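**Q** Please find one structure pasted underneath; my questions will follow.
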Amino acid sequence: DPSSSTSTQNSVVPELPGFYYDSEKNRYFRLLPGHNNYNPLTKESIQYKAMECKRLRLLEEEEKQKKKTTRAGLNSSVLLQKRQLGLLSSTSYCRLVHELKVNCMQRRKIEIHSPDSSVTGTNNFKIIVADVACERIFTVNDVEHGGCKYGIINLSGLGKESLTVEMYDNLYFTNRKVLLSILGQNLSSLTHFLKLCLMGIAETPGCASLLPASLFSSTNPGDRPGMLCSFKISTAWSCAWCLNPQADNCFSTGLTRRVLVTNVVTGHRQTFGTSSDVLAQQFATQNPVLYNGCRSGEIFSIDVRQRNRKGQSWKAIRLFHDSAVTSIHLMEAEHYLMATDMAGKIKLWDLRTAKCVKQYKGHHNEYAILPLHVNEEEGLLIAVGQDCYTRIWSLQDASLLRTIPSPHPSSKDAIPSVVFSSRLGGSRGVPGLLMAVKQDLYHFSYN
């Protein structure tokens, strides 16, 4: 945690009102009220300077390849020897090997090519989302005049030594801010789609749009279909698509104090009133059940097969955080649910007993809506904090495996967006972590 050094310093050196202690000069300096004059000596500027110094130090250590594993004696030869002696089971061996790989990941910048030279290097990355096969990355980029535009990055070039990818821009853009997006696949028709929740600016109401993925294809640019579904709504906070066969034509949108479930084919909508804004959503696959995380800290589920009734009786499972829930992830067996909140807490809930069974410490968040990335195959949990650090935990014992500093100075508009997969670029792709910050794209090799 970048604030750990500050907390340690404050515990040793007494804090005096109106003064700050400079550890390098070993003396106190007076904090003068700024009023309308520029005053560089503020607590915020001092904290930012300390965090920036730590970030640069960590980047320097990574460049020098000073990798420190979280467990003593964790190296490939020791693991292999213990496995051959029967001291480690296959499951434990694979888990520890993945931990070793995480600690040895190295950052390399990716060169982005495009048929149109005006596409690359002009706008900041806001969101990157991988498709089901991890062959392509859908991007949302901020534009200078406000709003967002979309693009597709082809990852097939990651397997080459030069680490190049191709980015195809799309003329479709919106004057709204894209809050989040999801990529999915309709199992019945095998057609890919893209669901967007667009948060309107002051003069424009919000809207939810369902776009076919072929709209962003680099082939046949002249023959592209339009929106599958689009309607105006109040401020949108979250969205989710149902992959259960009983409701595979439905998607949900989390709004201000209500949940809206829409059937794309029939146009039928169900509205479920809530006592708080719905900031996170995910459908289960075994049953058409929608899980929702609210600003109040409540997590509840809805069976979309039942009709909406007055009162709160339609809420099935109910869990509670002490702060606003910003992201939820239903585990593969659907017995456990991972959730994170604005207090920086990440909890693993057992849905059968409605109890928290694990907590993953070290995440930093105070007000941002930040996603969770869970890779059960590798046994890893990944989250980017508001402090712009990317942290990786072990799903097994909740230990923090690695903290990756951002290549850019931390700021509200420079929080990295990441994608992790063991097959970036398709079934024969390369494993690793993709990180998009500002106008740059980085690959952390995982092999």
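**Q** Which entries of Lys232/Lys438; Lys315/Lys347; Lys54/Lys361; Lys361/Lys412; Lys126/Lys232 show an alpha-carbon separation above 25 angstrom in the structure shown?
**A** Lys232/Lys438
**Q** What is the local net charge at Val278, summed over the other residues whose Cβ is closer than 11 Å to its Cβ (Lys, Arg +1; Asp, Glu -1)?
**A** +1
**Q** Under 14 Å Cα to Cα from Lys149, which aspartates and glutamates show up? Leave out anything in the same chain fewer than 8 places away.
**A** Leaving aside aspartates and glutamates fewer than 8 places away in the same chain, those within reach of Lys149 are Asp169.
**Q** Keeping all protein chains in position, work out how much accessible area Cys229 exposes to a 1.4 Å probe, and write it in Å² to the nearest 10.
**A** Answer for Cys229: close to 30 Å² accessible.
**Q** Could you derive backbone 3J(HN,Hα) for segment 396-409 from the dihedral phi with the Karplus parameters 6.51, -1.76 and 1.60 (θ = phi - 60°), listing whole Hz in sequence and x where the residue is Gly or Pro?
**A** Once rounded to whole Hz, the list reads 5, 10, 6, 7, 7, 8, 7, 10, 9, x, 6, x, 10, x.
**Q** As an exercise, find the ratio Rg/Rh for segment 249-336 from alpha-carbon atoms, using the Kirkwood inverse-distance average for Rh.
**A** That ratio is 0.94, to two decimals.
**Q** Next question, about the same structure. With a 1.4 Å probe and all protein chains in place, put His373, His321 in order of accessible area, largest first.
**A** I get His373, His321, largest accessible area first.
**Q** Using modelled backbone amide H atoms (1.01 Å from N, in-plane), which distant-in-sequence or interchain residues come within less than 5 Å of Thr274's amide H?
**A** Under 5 Å from the amide H of Thr274: Arg258, Val259.
**Q** Amide H neighbours of Phe231 under 5 Å, counting only residues 5+ apart in sequence or on other chains, H built in-plane at 1.01 Å?
**A** Those qualifying (amide H under 5 Å, at least 5 residues apart or on another chain) are Ala208.
**Q** Per-residue HN-Hα couplings for segment 238-244, Karplus 6.51 cos²θ - 1.76 cosθ + 1.60 at θ = phi - 60°, whole Hz, x for Gly and Pro?
**A** Going residue by residue, I get 7, 7, 7, 10, 8, 9, 6 Hz, with x marking Gly and Pro.
**Q** May I pose another question? Debye calculation, C-alpha points only, no solvent: report log10 I(q)/I(0) for segment 327-447 at q = 0.18, 0.22, 0.23 Å⁻¹, in the same order as the q values.
**A** So the normalised log intensities work out to -0.97, -1.33, -1.40.
**Q** Sticking with this structure for a sec: Whole-Hz Karplus ³J(HN,Hα) for segment 89-94, in order, using 6.51 cos²θ - 1.76 cosθ + 1.60 and θ = phi - 60°, x for Gly and Pro?
**A** Listing the rounded values in order: 6, 4, 5, 5, 4, 5 Hz.
**Q** So who's got an amide H within less than 5 Å of the one on Thr326, skipping anything under 5 residues away but keeping other chains? H placed 1.01 Å off N, in plane.
**A** HN-HN under 5 Å from Thr326: Thr340, Asp341, Met342.
The values are calculated or read from the model by the stated rules, or taken from the named source; none is laboratory data. The structure displayed is predicted, hence computed values, not measured ones. Cβ: placed from backbone, ideal geometry, glycine included. Neighbour counts: every protein chain shown. Protein only, heavy atoms only, side chains kept; ligands, DNA and RNA dropped before computing areas. Shrake-Rupley method; radii C 1.70, N 1.55, O 1.52, S 1.80 Å.
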